[in-house]
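The values are calculated or read from the model by the stated rules, or taken from the named source; none is laboratory data. Everything numeric in this text was worked out from a predicted model, so none of it was measured. Cβ placement follows ideal geometry from the backbone for every residue including glycine, while neighbour counts extend to all protein chains displayed.
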Ligand SMILES: [Zn+2]
């Protein structure tokens, strides 16, 4: 099987995850069926230690083919697809030698470079598209096929030397639960890469530090006709609180490395108001300062309206993986070197969000994210270039090769 056949096979499985579910994986019928298929495929391809746990995490090993000690590294991809768009009955189709014009996905549904200028960067390539009614699932089944195909290639080319390589495929990344039950100890790698980035050259190892803040405001209700000097209207204090937060530090006014406070939700009445915020910043110190600031706003309102009127509870959610990568920059240098060898121009950008890799990094497995090739994910205009997938696979192979020479 070649890389593209393998990927198109995977798209036939509906592996959509669900935010509403309490089980692991969130959609057992869908995701476990695919996990079992993957396990079988890895066994058929002759990988070692192939196992699948009861939550659908699949692990396998490509043994070292050299005598000397080299670090064990890993590659990880997720097999669930986004709850935002249907992943059932995906009809993947290859548009060969894309001419740079409109692509008719099916009657009345057109993928156009006027709307998606990214298409133009793939003129002359072969693009895998949908029929416009489902997502494609290149996020992240492209990553899975690239990893497996790279392992198969390495098995078939014993002249290329590499250390022990581990691979893992997990459920429920799209609902933020992919790293939760990942067994870092069993995986046993010094570092790893998620192959879950977007277009050619994507390399990510910086993400937000993240916290959530719950603001509770207690009011005093009195008949409005007799309220003078007595009523404390939690609605009004909630608005005052929101107005004391900086207007130029919101998601809609920031980009790049700029952090923000984001008001997610207000639930408000005269007697009680609840505001829910998320706080984000790449810089750890600025992140800590933001948490102090939002508490200070609460303190100021308490001075004005009385102690106990406003309480602010802040909870950390996740941290910037850069903190864990910085002391081990070889993890990045190896990728940059591999990309150069594979003629891939690197695109290094900070993520304005979190990744599974960030959680794994804080569980002790430094884990940057590398491109898998998918574009426009989570929707029906998702596509992936065959040539970009090929380059992702080659980059994985090169990383294995370079890591084997790393200590020389
Ligand atoms: Zn993904």
Subject >> Matching residues in segment 317-348 - criterion: being surrounded by 14 or more Cβ atoms within 10 Å (Cβ to Cβ) and in a loop (DSSP other than H, G, I, E, B) >> reply: 319, 320, 321, 342, 344, 346
Original post:
Quick check: is even one residue across segment 57-79 touching a residue at least 40 places away in the same chain (Cβ under 8 Å), in a helix (DSSP H, G or I) and away from the ligand (no atom under 16 Å from the Cβ)?
Top reply: no
**OP:** Give me a count of the residues in segment 352-383 that are within 14 Å of the ligand (Cβ to nearest atom) and within 30 Å of residue 103 (Cα to Cα).
**Re:** 12
Original post:
So which pairs qualify, if the first residue must be in segment 135-146 and within 9 Å of residue 11 (Cβ to Cβ) and assigned to a loop (DSSP other than H, G, I, E, B), the second must be near the ligand (Cβ under 9 Å from one of its atoms) and at pLDDT 95 or above, the Cβ gap must be under 6 Å, and the two must be at least 6 apart or on different chains?
Top reply: 137/81
**OP:** Say whether the condition of being more than 16 Å from the ligand (Cβ to nearest atom), closer than 21 Å to residue 279 by Cα and touching a strand residue (DSSP E or B) at 6+ places or on another chain (Cβ under 7 Å) is met by at least one residue in segment 221-235.
**Re:** no
Subject >> Residue among 397, 370 that is assigned by TED's automatic domain parsing to the domain that holds residue 94, more than 30 Å from residue 251 (Cα to Cα), touching a residue at least 40 places away in the same chain (Cβ under 8 Å) and not in a loop (DSSP other than H, G, I, E, B) >> reply: 397
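If a residue must be touching a strand residue (DSSP E or B) at 6+ places or on another chain (Cβ under 9 Å) and within 19 Å of residue 371 (Cα to Cα), how many such residues does segment 326-337 contain? Quick ask: steps written out before the conclusion?
In the first step, residues of segment 326-337 are kept if they are touching a strand residue (DSSP E or B) at 6+ places or on another chain (Cβ under 9 Å); the result is 328, 330-332, 334-336.
Still in the running and within 19 Å of residue 371 (Cα to Cα): 330-332, 334-336.
Of the residues in segment 326-337, 6 are touching a strand residue (DSSP E or B) at 6+ places or on another chain (Cβ under 9 Å) and within 19 Å of residue 371 (Cα to Cα).
Please determine whether any residue of segment 7-17 is part of a strand (DSSP E or B) and either touching a helix residue (DSSP H, G or I) at 6+ places or on another chain (Cβ under 9 Å) or buried (at least 18 other Cβ atoms within 10 Å of the Cβ) (or both). Before the answer, list the steps.
Taking segment 7-17 and keeping what is part of a strand (DSSP E or B), we get 16.
Adding the requirement that they be either touching a helix residue (DSSP H, G or I) at 6+ places or on another chain (Cβ under 9 Å) or buried (at least 18 other Cβ atoms within 10 Å of the Cβ) (or both) leaves 16.
Scanning segment 7-17 turns up at least one residue that is part of a strand (DSSP E or B) and either touching a helix residue (DSSP H, G or I) at 6+ places or on another chain (Cβ under 9 Å) or buried (at least 18 other Cβ atoms within 10 Å of the Cβ) (or both).
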Original post:
Out of (1) within 16 Å of the ligand (Cβ to nearest atom); (2) surrounded by fewer than 19 Cβ atoms within 10 Å (Cβ to Cβ), what's the single condition that is false for residue 202?
Top reply: (2)
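In segment 37-53, how many residues are farther than 18 Å from residue 178 by Cβ and either part of a helix (DSSP H, G or I) or under 19 Å from the mean Cα position of the chain (by Cα) (or both)? Break it down stepwise before answering.
Quick first cut of segment 37-53, residues farther than 18 Å from residue 178 by Cβ only: 37, 40-50.
Next, only the ones that are either part of a helix (DSSP H, G or I) or under 19 Å from the mean Cα position of the chain (by Cα) (or both) stay: 37, 40-44.
The qualifying residues number 6.
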Original post:
residue 248 passes all but one of (1) outside the structural domain of residue 329 (by TED's automatic domain parsing); (2) surrounded by 14 or more Cβ atoms within 10 Å (Cβ to Cβ); which number fails?
Top reply: (2)
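Can you pull out the residues in segment 33-56 that are touching a residue at least 40 places away in the same chain (Cβ under 8 Å) and farther than 16 Å from residue 143 by Cα?
Of segment 33-56, the ones touching a residue at least 40 places away in the same chain (Cβ under 8 Å) are 34-35, 38, 41-42, 45-47, 53, 55-56.
The answer is 45, 46, 47, 53, 55, 56.
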Subject >> Hits in segment 239-267 - residues which are over 17 Å from residue 293 (Cβ atoms) and in contact (Cβ under 8 Å) with a residue 40 or more places away in the chain >> reply: 255, 256, 257
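Being in the same structural domain as residue 372 (by TED's automatic domain parsing), within 16 Å of the ligand (Cβ to nearest atom) and under 28 Å from residue 26 (Cβ atoms), is that true of even one residue in segment 151-163? Don't jump to the end; show me each part of the working.
Of segment 151-163, the ones in the same structural domain as residue 372 (by TED's automatic domain parsing) are 151-163.
Next, only the ones that are within 16 Å of the ligand (Cβ to nearest atom) stay: none.
Among the residues of segment 151-163, not one is in the same structural domain as residue 372 (by TED's automatic domain parsing), within 16 Å of the ligand (Cβ to nearest atom) and under 28 Å from residue 26 (Cβ atoms), which makes the answer no.
Could you tell me how many of the residues in segment 175-196 are within 16 Å of the ligand (Cβ to nearest atom) and at pLDDT 95 or above? Explain how you work it out, then say what you get.
From segment 175-196, those within 16 Å of the ligand (Cβ to nearest atom) are 175-180, 182, 192-196; that's our starting set.
Going one step further and asking which of them are at pLDDT 95 or above, we end up with 182, 192-196.
Matching residues across segment 175-196 total 6.
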**OP:** Quick one: in segment 106-144, of everything that is surrounded by fewer than 16 Cβ atoms within 10 Å (Cβ to Cβ) and on the phi > 0 side of the Ramachandran plot, which residue is nearest to the chain's Cα centre (by Cα)?
**Re:** 124
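Just to be sure before I move on: is residue 199 under 23 Å from residue 138 (Cα atoms) and not in a strand (DSSP E or B) in the structure I sent? Steps first, please.
Numbers: under 23 Å from residue 138 (Cα atoms): yes; not in a strand (DSSP E or B): yes.
Yes: the conditions hold for residue 199.
Got a sec? Which of 90, 147 is within 16 Å of the ligand (Cβ to nearest atom) and over 20 Å from the mean Cα position of the chain (by Cα)?
Details: 147 fails: over 20 Å from the mean Cα position of the chain (by Cα).
Being within 16 Å of the ligand (Cβ to nearest atom) and over 20 Å from the mean Cα position of the chain (by Cα) holds for just one of 90, 147, which is 90.
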**OP:** Can you give me the number of residues within segment 205-225 that are part of a loop (DSSP other than H, G, I, E, B) and surrounded by fewer than 22 Cβ atoms within 10 Å (Cβ to Cβ)?
**Re:** 5
